[in-house]
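Please read the structure below before turning to the comments.
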Amino acid sequence: MKPDLVVVGSGFFGLTIAERCAEELGLEVLVLERRSHLGGNAYSEKDPETGIEVHKYGAHLFHTSNEKVWEYVNRFTSFTDYKHRVFGKYQGQVYSLPMNLGLINQFFGRSHTPDEARALIKEQASEIATEDASNLEEKAISLIGRPLYEAFIKGYTAKQWQTDPTELSPDIITRLPVRYTFENRWFNDTHEGLPVDGYTAWLERMADHPRITVQLETDFFDVAEEFKGKVPIVYTGPVDEYFNNSEGRLSWRTVDLEESVVDVDDFQGTGVINYNDQDVPYTRIIEFKHFHPEREKTHLPGKTVIVHEYSRFAQEGDEPYYPINTAEDRAKLLKYRELAKAEPMVLFGGRLGTYKYLDMHMAIGSALSMFNNVLTPHFTEGAELT
Ligand code: FDA
């Protein structure tokens, strides 16, 4: 049967579009996914040996302050009360991140009141004026001072970008938040938690609709001629790839994830530890069992699953994870946006289709906007698809 709508990609953006269009507009939706599973980068699966849920494309923590998104996602899953916290190792000590009063006291070896800490960092940051910063290092020093920069930003950033921070653009950072309290929750959002039955159960429930067909292991470009110009398409793959890289490739960073099962009950005592020393090659270690302490009884005792993360520039064939967004990328993106606008019956969305880092709640929120503002008027009133 000919679908009313084709969605390319089964990540949160694509599935939100598919679910809304099937449920609210009664459309037959065909979702094409080139991987062997649905869910895009939020996909997770249980490690068969230990029973621990592993996020296959990097740690995914759900958080949002958008009430519409929160109401929507709760139709498919409930959430645990997990609150994310991150620690950072530097020269043999473990600090609580983001930079806060606890970290400042530990790092400088004495207690400070909030005002004392503020004055200290202000004094250290006065070395360079922010508007004079010509590279990332100078910008960071102008924001938080040299000592904190050298411990918590320099090595980590150099590893993330595989580039010395003096060679990186100051535009990469706009602010480096320092909290002058002991608050060490990573996210500030109103709602936070992890899906009780895991990400894949949540994603499968979104796709579980009689009018939605998900076709896995199907690359859109192999079947494009069947649909292009004949049926509306929401495309969530890479925008440059859609146009055959005609304006040049957009640049991305990727992350190599080295997963292993370790023979201890608890490897590091928490979900995420950043490694700030430059001579440690990985940026973070994730230990997944800590994301779900409520599942303790279902995990095999004496074992744990950890992942070492290594960051680098993506080459052809690598998973694109974080847009690099250089001036050249931005110039190319403008040209792709023009091409995308002129492409008949195709809408571009999601993190790959718009070349933007989107958290899950942002991907879902922007899909809900596309549904409300573009797809509903098109299918109910015949408005143009732009
Ligand atoms: P997504 O990439 O998920 O889906 C796109 C889908 O399209 C993929 O399944 C792909 O295979 C498919 N596709 C592409 N081209 C195709 C083609 N030609 N034919 C068929 N299928 C095609 N967010 C958050 O809120 N909290 C977090 O902690 C994290 N953590 C995190 C860690 C890392 C390492 C990354 C890279 C990202 C995060 N995120 C996150 C962000 C989160 O992954 C993101 O919000 C969602 O993946 C966005 O969903 P999309 O549907 O836009 O893309």
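Only the coordinates and a few stated rules stand behind these numbers; no lab work does. If you're wondering where the values come from, they're calculated on a predicted model, not measured in any experiment. Here Cβ is always computed from backbone atoms with ideal geometry, including for glycine, and neighbour counts include all displayed protein chains.
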Quiz item: With each label point set 7 Å from Cα along the Cα-Cβ vector, what nm distance links D189 and R175?
Solution: 1.8
Quiz item: Quick one: in region 252-313, what % of C-alpha pairs are over 13 Å apart?
Solution: 64
Self-check item: Å³ per residue enclosed by the Cα convex hull of the chain
Solution: 157
Exercise. Would you mind telling me the antiparallel percentage of the DSSP bridges in the chain, rounded to 5?
Key: 65
Quiz item: How big is region 290-379 on each of its three principal axes, counting only the C-alpha atoms and giving the largest first in Å?
Solution: 57, 36, 20
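Output the relative contact order of region 252-313, whole-number percent, from Cα pairs under 8 angstrom with separation of 6+ residues.
Details: 109 pairs, mean separation 32.0, N = 62.
Computed value for region 252-313: 52 percent relative contact order.
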Practice problem: Take the Cα of T166, step 7 Å along the line toward its Cβ, and report every residue of region 113-138 whose backbone nitrogen sits under 20 Å from that point. | Solution: 125-138
Exercise. Could you pull out the trypsin sites (Lys or Arg not before Pro) across region 74-136 that fall in loop regions by DSSP (anything but H, G, I, E, B) with no more than 15 other Cβ atoms inside 10 Å?
Key: R75, K83, R110
Exercise. For K159, list the lysines whose Cα falls under 30 Å from its own Cα; do not include residues on the same chain fewer than 8 positions away.
Key: K46, K56, K83, K89, K122, K139, K289, K303, K332, K356
Quiz item: Using a basic spin-label model with each label point 7 Å from the Cα along Cα→Cβ, how many nm lie between E49 and T376?
Solution: 5.0
Self-check item: Per DSSP, loop trypsin sites (Lys or Arg not before Pro) in region 309-362 with at most 14 further Cβ within 10 Å
Solution: K356
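Across the chain, where is the longest run that never hits GluC sites (Glu not before Pro) in a DSSP loop with at most 13 other C-beta atoms within 10 Å? Let's see the in-between values first.
Working: sites that count: E49, E127, E183, E217, E316, E384.
Between exposed loop sites, the widest span is 218-315.
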Quiz prompt | Fully extended contour minus Cα-Cα distance, from E258 to E150, at 0.36 nm per residue | solution = 36.2 nm
Exercise. Could you pull out the trypsin sites (Lys or Arg not before Pro) across region 129-196 that fall in loop regions by DSSP (anything but H, G, I, E, B) with no more than 12 other Cβ atoms inside 10 Å?
Key: R175
Practice problem: Can you tell me the FRET efficiency between E123 and T213 if r is taken as the Cβ-Cβ distance and R0 is 56 Å, rounded to the nearest 0.05? | Solution: 0.35
